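The values are calculated or read from the model by the stated rules, or taken from the named source; none is laboratory data. Keep in mind it's a predicted model, so treat the numbers as computed, not measured. Cβ coordinates were reconstructed from backbone atoms using ideal geometry, including for glycine residues, and neighbour counts include every protein chain displayed. The area values use the complete protein model at the heavy-atom level, side chains included, leaving out ligands, DNA and RNA. Shrake-Rupley method; radii C 1.70, N 1.55, O 1.52, S 1.80 Å.
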Amino acid sequence: MTASSQSSNSAISPQSYRFLALYALAWAGGAVAYVPFLTILLPVRVTALTGADDISWLAYATFFGAVTASVSNIAFGWASDLTQTRRPWVLAGLSVTIIMFAVIAVVDDPVSLIGAILLWQVGLNMMLAPLAAWAGDRVPNAQKGILGGLTALAPAVGAVAGIIVTMPGLAGATGRLAVVATMVCALILPVVLAGGQSGTTVTGDDAGLSHKVVQVTLGRVMVVLWLARLAIQVAEAALFAYLLFYFRSLDPNFRDADVARIFGGVLIVTVPIALLSGRWMDRSHRPVLALLICAIIAAVGLALMAVAAQLGVALAGYIIFGMGSAVFLALHSGQTLRVLYHSERRGRSLGVFNLTNTIPSLIVPWLTLLIVPNFGFAPLIWLLATLSFAAALLLTTIVRQR
């Protein structure tokens with residue numbers, strides 16, 4: 001692609017708020033497809049089939065599921081690049097995901113369950129990878145900040161979905177999966193059916209720069225963004241998995257319901273902050289600066305948690321970290337789409353970025369087992385704070401990039 005062809009696409013008109021709203025709902029539907037399942041429904045299903053061996057079997061499911069998700073996301077993102085369309089892949093992935101929910105509900109042995117989970121991961125990423133690339137195709141760079149802010153809805157909606165499916169008397173174990181499947185369809189189908197064309201386009205805005213300069217500059221930016229997101233994701237994944245144990249180390253009476261409320265509350269408060277921050281990113285033309293500030297806030301929150309000797313200080317630290325990291329991850333998604341301007345390989349490149357979501361699932365359990373039993377939570381959290389601060393330092397090297 002030449003600089004002149006880039007120039008012809010740089011004046012793309014703003015995307016309608018209707019499409020942005022439909023896309024935000026669809027992205028939230030993706031979160032509904034995996035958040036309640038992985039955090040609540042899958043552990044319950046594993047326990048029902050394996051009894052006392054549930055932790056080991058869940059570890060196998062998590063590990064191999066993460067590997068499958070990593071490969072599938074890259075493969076189907078690339079496939080949607082090659083076919084130059086996203087919608088059929090999203091619809092096919094949605095169908096496979098729903099079918100595998102039905103299979104998971106009826107399998108009666110742990111080996112078959114893991115096989116079904118791996119196929120579910122294939123379907124889920126067949127849906128999510130092209131859906132992520134679709135936003136890059138349709139939303140111009142001038143709106144990538146607000147797009148990132150809108151994606152903050154996804155984890156909040158996912159958390160709310162978990163609350164809904166576990167409401168007493170709503171449904172049994174099998175019925176809960178059906179409820180999740182229904183919510184996923186209701187959120188994703190509108191953008192598939194009424195979101196307009198889904199062919200690949202180019203939304204870069206680097207007109208006036210030589211192609212070689214653009215390649216070198218954006219290549220460095222993408223590496224920095226990838227490493228910074230990985231650092232924040234490791235910290236976020238570690239606390240997501242072990243937050244209850246950390247709080248109980250300070251107060252043995254701390255309940256899992258307390259964690260759920262705090263976690264959900266932080267995500268809900270994050271949504272308007274992410275939206276306002278995303279809008280500021282678009283208007284200020286300093287998108288990386290917002291990410292840098294969020295990484296610093298996350299590091300400060302973790303430092304408070306590391307030194308906390310009382311529950312109140314620990315809670316304050318987690319709220320600060322949770323808000324900083326959640327806004328960072330939401331805005332980062334928009335910024336990633338901003339720099340991946342080549343539509344012919346946008347899906348594949350987003351799959352590589354998605355490794356920052358799956359690699360922590362492979363790292364965190366071993367990291368925690370290595371540190372916490374021997375030294376307690378404080379050294380682990382200091383390490384996570386260091387990672388967050390390292391993300392901020394990395395971002396300083398590209399903070400002037402527009």
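Determine whether the range 36-54 contains at least one residue that is modelled with pLDDT of 90 or more, open to solvent by less than 70 Å² (accessible area, probe 1.4 Å) and either touching a Cys at 6+ places or on another chain (Cβ under 6 Å) or small (Gly, Ala, Ser) (or both).
No: zero hits.
Using the structure shown, decide if ILE74 is part of a helix (DSSP H, G or I), more than 23 Å from THR336 (Cβ to Cβ) and either in contact (Cβ under 8 Å) with a residue 12 or more places away in the chain or among the aliphatic types (A, V, I, L, M) (or both). Walk me through how you get there before you give the answer.
Working: part of a helix (DSSP H, G or I): yes; more than 23 Å from THR336 (Cβ to Cβ): no; either in contact (Cβ under 8 Å) with a residue 12 or more places away in the chain or among the aliphatic types (A, V, I, L, M) (or both): yes.
Considered against the rule, which asks whether it is part of a helix (DSSP H, G or I), more than 23 Å from THR336 (Cβ to Cβ) and either in contact (Cβ under 8 Å) with a residue 12 or more places away in the chain or among the aliphatic types (A, V, I, L, M) (or both), ILE74 comes out as no.
For the range 260-308, which residues satisfy the criterion of being surrounded by 24 or more Cβ atoms within 10 Å (Cβ to Cβ) and within 13 Å of ALA385 (Cα to Cα)?
CYS294, ALA295, ALA298, ALA299, GLY301, LEU302, MET305
Condition first: modelled with pLDDT of 90 or more, closer than 22 Å to LEU147 by Cα and open to solvent by 20 Å² or more (accessible area, probe 1.4 Å). Can you find one or more residues in the range 208-227 that meet it? If you could, list the steps in order and put the result at the bottom.
Taking the range 208-227 as the starting set, the residues that turn out to be modelled with pLDDT of 90 or more are 224-227.
From what is left, the residues that are closer than 22 Å to LEU147 by Cα are 224-227.
This time we only want the ones that are open to solvent by 20 Å² or more (accessible area, probe 1.4 Å), so: 226-227.
Among the residues of the range 208-227, at least one is modelled with pLDDT of 90 or more, closer than 22 Å to LEU147 by Cα and open to solvent by 20 Å² or more (accessible area, probe 1.4 Å), which makes the answer yes.
What do you reckon, is ALA61 part of a helix (DSSP H, G or I), open to solvent by less than 60 Å² (accessible area, probe 1.4 Å) and farther than 14 Å from PRO110 by Cβ?
So ALA61 does not fit the description; no.
Working carefully through the options LEU177, LEU147, LEU124, LEU170, find the one that is under 24 Å from ALA75 (Cα atoms) and either part of a helix (DSSP H, G or I) or not polar (S, T, N, Q) (or both). Before you say what the answer is, go through the steps one by one.
Details: LEU177 fails: under 24 Å from ALA75 (Cα atoms); LEU147 fails: under 24 Å from ALA75 (Cα atoms); LEU170 fails: under 24 Å from ALA75 (Cα atoms).
Testing whether each residue is under 24 Å from ALA75 (Cα atoms) and either part of a helix (DSSP H, G or I) or not polar (S, T, N, Q) (or both) leaves just LEU124.
Which residues, counting only those in the range 370-396, are open to solvent by 30 Å² or more (accessible area, probe 1.4 Å) and under 24 Å from the mean Cα position of the chain (by Cα)?
Within the range 370-396, TRP382, LEU383, THR386, LEU387, PHE389, ALA390, LEU393, LEU394, THR396 meet the criteria.
Testing ALA173 on (1) open to solvent by less than 50 Å² (accessible area, probe 1.4 Å); (2) at negative phi; (3) modelled with pLDDT under 95, one condition comes back false. Which one is that?
Failing condition for ALA173: (1).
This table checks each residue for (1) β-branched (Val, Ile, Thr); (2) in contact with a helix residue (DSSP H, G or I) (Cβ under 8 Å, 6 or more places away or on another chain); (3) in a helix (DSSP H, G or I).
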| site | (1), (2), (3) |
| --- | --- |
| CYS294 | no, yes, yes |
| ALA314 | no, yes, yes |
| SER325 | no, yes, yes |
| ARG345 | no, yes, yes |
| LEU350 | no, yes, yes |
| PRO360 | no, yes, yes |
| LEU369 | no, no, yes |
| VAL372 | yes, yes, yes |
| LEU393 | no, no, yes |
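What is the number of the single condition among (1) open to solvent by less than 70 Å² (accessible area, probe 1.4 Å); (2) in a helix (DSSP H, G or I) that PHE254 does not meet?
(2)
Tell me the residue from ALA161, ALA142 that is open to solvent by less than 40 Å² (accessible area, probe 1.4 Å) and in contact with a helix residue (DSSP H, G or I) (Cβ under 7 Å, 6 or more places away or on another chain), please. Walk me through it before giving the result.
Values: ALA142 fails: open to solvent by less than 40 Å² (accessible area, probe 1.4 Å).
Every option except ALA161 fails the conditions.
Exactly one of (1) buried (at least 17 other Cβ atoms within 10 Å of the Cβ); (2) at pLDDT 90 or above is unmet by LEU311. Its number?
Just one mismatch for LEU311, condition (1).
If you take the residues of the range 102-139 that are surrounded by fewer than 22 Cβ atoms within 10 Å (Cβ to Cβ) and not aliphatic (A, V, I, L, M), which of them is farthest from THR50 (Cα to Cα)?
GLY115
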